[in-house]
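Engineer: To start, I am sharing the structure in question, which I have written as structure tokens.
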Amino acid sequence: MGECACNTGTKLLYSCSGNADVGEIADRAARKLRKEGYSHGSCIAGIGAGISGYIQSAKGADVNITIDGCSVACSRKILENIGIVPVSYIVTEMGFKKGSSPATPEAIETVCENIRKGNSATVKEKTFAAADGGCGCGGKC
Amino acid sequence: MYKIEILGTGCAKCNKLEETARKASEEMGIEYEVVKVKEINKIMEYGVMITPALVVNGEVKVAGKVPSIEEVKKMIGGK
């Protein structure tokens, strides 16, 4: 964090904030990747809250990456709401089923490895945020 | 009085942003003060993840790049 833009290729990483198991996998994978130095962490809630520092950091980054737990893709949509199309990864598109995928070290590593290899199935998919700004998942994602 | 803050640890881009902000303020003829914020924890309090960043009256206007003088004028002017 606090990356100087004199270094090129700044990557910011955001994860799902949901309470479901796939959300936990997304969150812990993001923390692991950040600790490895794959990217810098940021805060998707800060962007959703309209905090100018988080928003401008996202706009100034060379690459923004989201890891969402499920296909509702709240993190990706929050970035799209401010005009940014991130590289998007979704845990349930990596073979994990919502509600029956504990956040084991193996599961977290599988997600991390997919991201390290750039195995994103959803990056080119165009999505539109819900009109009310909510994801409609009832806290499950 | 406009409070202009330059967030960054003192690299070349930070210095360039400060210079640009000063020129823009002078050309606008506004009353202003420039504060340099170099302490990383203080920078993080703004939610800024990449530097340099320009803050005008408490609002982060840009981060991670150095805009042109004309762009900075618009940022200071609130546009």
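The values are calculated or read from the model by the stated rules, or taken from the named source; none is laboratory data. Quick caveat: nothing in here was measured; it's all calculated off a predicted structure. Glycine gets a Cβ as well: all are built from the backbone with ideal geometry, and neighbour counts include every protein chain shown. To get the accessible areas, we keep the full protein, side chains included, count just its heavy atoms, and leave off ligands, DNA and RNA. Shrake-Rupley method; radii C 1.70, N 1.55, O 1.52, S 1.80 Å.
Engineer: Give me the count of lysine pairs in segment B:15-76 whose alpha carbons sit under 24 angstrom apart, restricted to pairs 8 or more positions apart or on different chains.
Structural biologist: Total qualifying Lys-Lys pairs in segment B:15-76 comes to 26.
Engineer: Given R₀ = 25 Å, FRET efficiency for A:N19-A:A49 by Cβ-Cβ distance, to 0.05?
Structural biologist: 0.85
Engineer: Same structure again: Leaving out ligands and nucleic acids, note down the accessible area per residue over segment A:1-117 with a 1.4 angstrom probe, in whole Å².
Structural biologist: 42 Å²
Engineer: Once label points are set 7 Å from the Cα along Cα→Cβ at both A:N119 and A:K32, what is their separation, rounded to one decimal in nm?
Structural biologist: Once both label points are built, they end up 1.3 nm from each other.
Engineer: In deg cm²/dmol, rounded to 500, what helix-only [θ] at 222 nm does the protein assembly as shown give when every DSSP H run of at least 4 residues adds -39500 (n - 2.57) and the total is split over its residues?
Structural biologist: -11000 deg cm²/dmol
Engineer: Follow-up question, since we're still on this one. Taking only Cα atoms, what is the 0 to 90° angle, nearest 10, from helix B:12-28's long axis to the longest principal axis of chain B?
Structural biologist: Approximately 20 degrees, to the nearest 10.
Engineer: Can you pull out the chymotrypsin sites (Phe, Trp or Tyr not before Pro) in chain B that DSSP calls coil and that have at most 10 other Cβ atoms within 10 Å?
Structural biologist: Listed in order of number, the matching sites amount to none.
Engineer: May I ask for the accessible area buried between chains B and A, both sides summed, probe 1.4 Å, to the nearest 100 Å²?
Structural biologist: 1400 Å²
Engineer: Can you say what percent of the DSSP beta bridges in chain B, counting only those with both residues inside, are antiparallel? Round to 5.
Structural biologist: 55 percent
Engineer: Please give the average number of partner chain Cβ atoms lying within 10 Å of the Cβ of each residue in B:63-70, rounded to a whole number.
Structural biologist: What the average comes to for B:63-70 is 4.
Engineer: If you don't mind, another one. So which lysines can A:K117 reach, going by Cα to Cα under 20 Å and dropping same-chain residues fewer than 8 places off?
Structural biologist: Filter leaves A:K11, A:K32, A:K35.
Engineer: With contacts defined as alpha carbon pairs under 8 Å and 6 or more residues apart, what's the relative contact order of chain B in percent?
Structural biologist: 40 percent
Engineer: Restricting attention to segment B:1-41, which GluC sites (Glu not before Pro) occupy a DSSP loop and are surrounded by at most 13 other Cβ atoms within 10 Å?
Structural biologist: In loop regions of segment B:1-41 (DSSP not H, G, I, E or B), the sparsely surrounded GluC sites (Glu not before Pro) are B:E31, B:E39.
Engineer: Starting at 0 and stepping by 5 Å, how many percent of the alpha carbon pairs of segment A:1-119 end up in each bin?
Structural biologist: 2, 13, 25, 24, 19, 11, 5, 1, 0
Engineer: Just in segment B:50-79: which GluC sites (Glu not before Pro) are loop by DSSP and have at most 11 other Cβ atoms within 10 Å?
Structural biologist: Sparse-neighbourhood loop GluC sites (Glu not before Pro): none present.
Engineer: Now for a different question. Over segment A:1-119, what is the relative contact order in percent, taking alpha-carbon pairs closer than 8 angstrom and at least six residues apart?
Structural biologist: 32 percent
Engineer: Let me ask something else about it. Checking a compactness column here: for chain B, what do you get for Rg(Cα) / (2.2 N^0.38 Å), N being the number of residues?
Structural biologist: For chain B, the normalised Cα radius of gyration comes out at 0.97.
Engineer: Can you find, among B:I43, A:Y54, B:Y32, the residue farthest towards the positive end of the dipole of the protein assembly as shown? Put +1 on the C-beta of Lys and Arg, -1 on that of Asp and Glu.
Structural biologist: Sorting the options by dipole projection puts first A:Y54.
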